[in-house]
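Accompanying notes for the structure given below.
The values are calculated or read from the model by the stated rules, or taken from the named source; none is laboratory data. Source: prediction; values computed, not measured. Here Cβ is always computed from backbone atoms with ideal geometry, including for glycine, and neighbour counts include all displayed protein chains.
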Amino acid sequence: MIDARKFRDYGIGTYIQNLAVGIKGKMEAGFLCYPEDRSFFNGKCWTVRSRGYTLREQWEIWRKLSSIPHRIFHSPHYVVPLLYRGTLMVTIHDLIHLLFPHFFPKGGVLYARFMISSAVRKARVIMTVSEKSKKDILSLFPRSRGKIRVVHNGINPVFFSRPQEEKLQWAKDFSPYILAVGNNKPHKRFSLLIEEFRRLREEFPEIKLVIAGWKGDFEGDIITLGKVPLRDLAALYHEALVLVHPSLYEGFGFPPFEASCFATPVVSSRVGAVEEVLGDGVFYFEGEDIYPVLKYVVENYDEAKKKAMMAMERAKKLTWESFAERHLEIYRELL
């Protein structure tokens, strides 16, 4: 039984959607979902109405699980029913609330600490999405040793093929440009990227900065597109000079992998699974020093493309099929 209430979320939602597709027909599974998402699960869904982070969800989810025969409950989020006594598997994607509490309300941090601690204590298996996240979990919750399994996320197949020509032409209209992808949460550090880009712009005045994922109030050399469809995003990756990933913290971090699928050079902080998967196929910056690394890539573009080709071969191994197979192995291990 899988808690699929976050089906429509960006990160965890992507995780749930691809897990559901990947295990279909290979293991008997049911899902807890909201009524509007029932059709996706082909009748294998038990509907619930309680929303997240409420007392009602604790009661409703526990009661629902108590009434449905099952052998494993998998929560793809750290919020688990505190009264549940069955075999629990939980996915903890990251510990950003605990490692960077200044980004969040105090109440949210206390809630996250309590729920993650409870999930770690109750779970038979703890899934996470990178070795870095595993290290973080072990550092704060040593009792989780022996429980943690690392399974990297997959990459959407749309990034494994050449974008449509009309999409490519749309993206070319911004050229030449540096690309960044994500929402404007503080840990994404887009304000830092904009400052560093201004320095680069003094030497390369023709280059623009394109940001997909949020809409800001900029003119001229900085273009913010808001959230874009995946096929548009694929075209942006394909045509970009370089993808910059300035994030301070990630559990996994999709943009460097998605850009690498098109052999687009990547400049990134050492976050999430980027270094452990893409290795030396990426140009890394330390601290806040994006400008010198970005300048080096622009001035040594032939070298950058060679590195990007290495990264492309590694990124294309991240499929949702292998992700689902690894989950099936762990389910069988628990059974």
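Looking across segment 318-331, the residues that are in contact (Cβ under 8 Å) with a residue 12 or more places away in the chain and either charged (D, E, K, R) or in a helix (DSSP H, G or I) (or both) come down to TRP320, GLU321, SER322, PHE323, ALA324, GLU325, ARG326, HIS327, LEU328, ILE330, TYR331. Every test in (1) basic (Lys, Arg); (2) free of Cβ contacts under 8 Å to residues at least 60 places away in the same chain; (3) out of contact with any Cys (no Cβ under 6 Å at 6 or more places or on another chain) is passed by ARG38 save one, and that test is (3). Contact map, segment 69-84: residues that are β-branched (Val, Ile, Thr) paired with residues that are assigned to a loop (DSSP other than H, G, I, E, B), Cβ distance under 9 Å, separation 6+ or inter-chain. Pairs shown: ILE72/MET1; ILE72/GLY86; ILE72/THR87; ILE72/ARG124; ILE72/LEU335; VAL79/GLY52; VAL79/TYR53; VAL80/ALA123.
Here GLY146 clears all of (1) free of Cβ contacts under 8 Å to residues at least 40 places away in the same chain; (2) crowded, with 20+ Cβ neighbours inside 10 Å; (3) not hydroxyl-bearing (Ser, Thr, Tyr) except the condition numbered (2). The criterion of at least 3 residues that are aliphatic (A, V, I, L, M) is met, among strands (runs of 3 or more DSSP E) falling completely within segment 131-220, by 177-181, 208-212.
Among the candidates ILE223, ILE178, ILE207, the residue that is more than 21 Å from VAL277 (Cα to Cα) and crowded, with 19+ Cβ neighbours inside 10 Å is uniquely ILE178. From the list PHE114, PHE174, the lone residue that is of a type in the set (Phe, Trp, Tyr) and under 27 Å from VAL297 (Cβ atoms) is PHE174.
None of GLU329, GLU286 is out of contact with any His (no Cβ under 6 Å at 6 or more places or on another chain) and not assigned by TED's automatic domain parsing to the domain that holds TRP170 except GLU329. Going by the structure shown, is ALA304 surrounded by 14 or more Cβ atoms within 10 Å (Cβ to Cβ) and not in a helix (DSSP H, G or I)? So ALA304 fails the test.
Taking the criterion of being surrounded by fewer than 17 Cβ atoms within 10 Å (Cβ to Cβ), among the small types (Gly, Ala, Ser) and closer than 21 Å to PRO246 by Cα, would at least one residue in segment 126-138 satisfy it? The answer is no; no qualifying residue exists. In segment 97-115, the residue that is surrounded by the most Cβ atoms within 10 Å (Cβ to Cβ) out of those that are touching a residue at least 40 places away in the same chain (Cβ under 8 Å) and more than 30 Å from ALA29 (Cα to Cα) is LEU98. Under the condition of being assigned to a helix (DSSP H, G or I), basic (Lys, Arg) and over 23 Å from LYS185 (Cα atoms), the residues counted in segment 94-130 number 2. Tell me, please, whether a residue that is closer than 28 Å to PRO35 by Cα and in contact with a strand residue (DSSP E or B) (Cβ under 6 Å, 6 or more places away or on another chain) can be found in segment 94-115. Scanning segment 94-115 turns up no residue that is closer than 28 Å to PRO35 by Cα and in contact with a strand residue (DSSP E or B) (Cβ under 6 Å, 6 or more places away or on another chain). If you check VAL79, VAL21, VAL90 for being under 20 Å from the mean Cα position of the chain (by Cα), assigned to a strand (DSSP E or B), closer than 26 Å to ARG149 by Cβ and hydrophobic (A, V, I, L, M, F, W, C), only one passes: VAL90. Residues of segment 203-219 include at least one that is modelled with pLDDT under 95 and more than 30 Å from HIS102 (Cα to Cα).
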